[in-house]
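Have a look at the structure below, then the notes.
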Amino acid sequence: MKEKMKMNLMFNPDGDDDVSARKIIKGQTTGLFNLNAVKYPWAKSLYQVMIGNFWVPEKVSGLKDDARMFHGDLSAEEQRAYKGILSFLIFLDSIQTVNLPHLSDYITSPEVNLILAIQAYQEAIHSQSYATILESIVESKERDEIYYFWRTDSILLERNKYIGNIYENFLKDQTDENFFRAVVANFLLESIYFYNGFAFFDTLVDKMKMLATGRVIAYIRRDELTHITIFGNIIREIHSEYPEIYNEKIVLEMMSVAVEQEIEWSNHILGDRIPGINGETTREYTQWLANNRLAMLNIGPLFPNSVTNPYKHLDRLQDTNGDKSNFFESTVVNYTQSSSMNGSWDF
């Protein structure tokens, strides 16, 4: 019989909060949040950065200009891609907001529970951001069509079902393997599934189109970088503390599926119809990104020939503070709203 994960007790008087006894999963703490005694310093540093990164979409100006540009300057294909990509992003952040507390129930490090709670809040802010974009730019009669695009688009439906089923499988059967798959799925969702969509919005910005939308996406991308780091570190800690649960074969198998799905979806919604993006750049970029994400987990490249980012214009883009920034960086040092928050972390 496969071993089952055990849910944390909300309060465990018999728990041991000593740092030496703490585990990323299957530990026995009291449930107390004590940031003065942490086992995982990367979590405490991430907490500081994530708090400093607070933002709300109402602070982003210019969406009225984007509304005029959407209807006057975007081609029909760019409009279709804009709406289709938003539909997928809405799904991803919606399912993350709901699912993260379920995973946190099985994480037995209070400092990691704390940053997962902040992540869930940030995912909710992202959902609010997409709603704000839609309210500002798209006619009301089109909004439900965007939210439920997966009902009429079979490729998007299959993508949504794949990630949703992994999460549901763990909720139905809390085995070690199902938990590990759910953690890997979170890492892939945050590190692979968003990024051709982000590249589309950045490509528009590079052509001086939809600049306010681009600023919202820059804030969201900033948050996603911390989320990637959270789950990358969780996977690394599982590898260190529970090598019998860690399974590199599962990581590679799921990464292969994620890359295949991301390429198929991106070719479907973008294809060769968007200036600056085509099927070849989509493939090269997704495979190159996958190699970079695997390197975060100390795993060798899945696609040895994909060694460069084909989207050179992304390096030219400026972040919201005016500093040059790549969105694939493994640390976030820009965007902070408070000068008192200068956290960084090892990864």
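The values are calculated or read from the model by the stated rules, or taken from the named source; none is laboratory data. Keep in mind that what you see is a predicted model, and the values were worked out from it rather than measured. A quick note on method: Cβ atoms are made from the backbone with ideal geometry, for glycine too, and the neighbour counts reach across all protein chains shown.
Couple of notes before you dig in:
- Across region 147-177, the number of residues qualifying as buried (at least 18 other Cβ atoms within 10 Å of the Cβ) and either closer than 19 Å to Ile245 by Cα or among the hydrophobic types (A, V, I, L, M, F, W, C) (or both) comes to 9.
- Any pair with Cβ under 6 angstrom, 6 or more apart, that starts in region 283-296 at a residue that is of a type outside the set (Ser, Thr, Tyr) and ends at one that is in a helix (DSSP H, G or I) and surrounded by 19 or more Cβ atoms within 10 Å (Cβ to Cβ): Leu289/Tyr195; Ala290/Met255; Ala290/Val259; Arg293/Ser191; Met296/Gly232
- Qualifying residue in region 290-299 (condition: under 26 Å from Pro101 (Cα atoms), of a type in the set (D, E, K, R) and surrounded by fewer than 22 Cβ atoms within 10 Å (Cβ to Cβ)): no
- Residue in region 26-35 that is in contact with a Phe, Trp or Tyr (Cβ under 6 Å, 6 or more places away or on another chain), in contact (Cβ under 8 Å) with a residue 60 or more places away in the chain and more than 18 Å from Ile234 (Cβ to Cβ) present: yes
- Unique match (being at pLDDT 95 or above, within 26 Å of Thr152 (Cα to Cα) and part of a helix (DSSP H, G or I)) among Leu188, Leu294: Leu188
- Some residue of region 121-140 being more than 22 Å from Ile192 (Cβ to Cβ), surrounded by 22 or more Cβ atoms within 10 Å (Cβ to Cβ) and touching a residue at least 12 places away in the same chain (Cβ under 8 Å): yes
- Selection within region 234-251 - assigned to a helix (DSSP H, G or I) and touching a helix residue (DSSP H, G or I) at 6+ places or on another chain (Cβ under 8 Å): Ile234, Ile235, Ile238, Ile250, Val251
- Test: residue in region 5-28 that is under 22 Å from Ala218 (Cβ atoms) and β-branched (Val, Ile, Thr): no
- Region 204-213: number of residues that are crowded, with 24+ Cβ neighbours inside 10 Å and in a helix (DSSP H, G or I): 2
- Of the residues making up region 1-27, those that are within 13 Å of Thr175 (Cα to Cα) and of a type in the set (A, V, I, L, M, F, W, C) number 4.
- Hey, Glu177 over 30 Å from Lys6 (Cα atoms), part of a helix (DSSP H, G or I) and either hydroxyl-bearing (Ser, Thr, Tyr) or out of contact with any Gly (no Cβ under 8 Å at 6 or more places or on another chain) (or both) or not: no
- Some residue of region 268-285 being under 20 Å from the mean Cα position of the chain (by Cα) and under 28 Å from Tyr40 (Cα atoms): no
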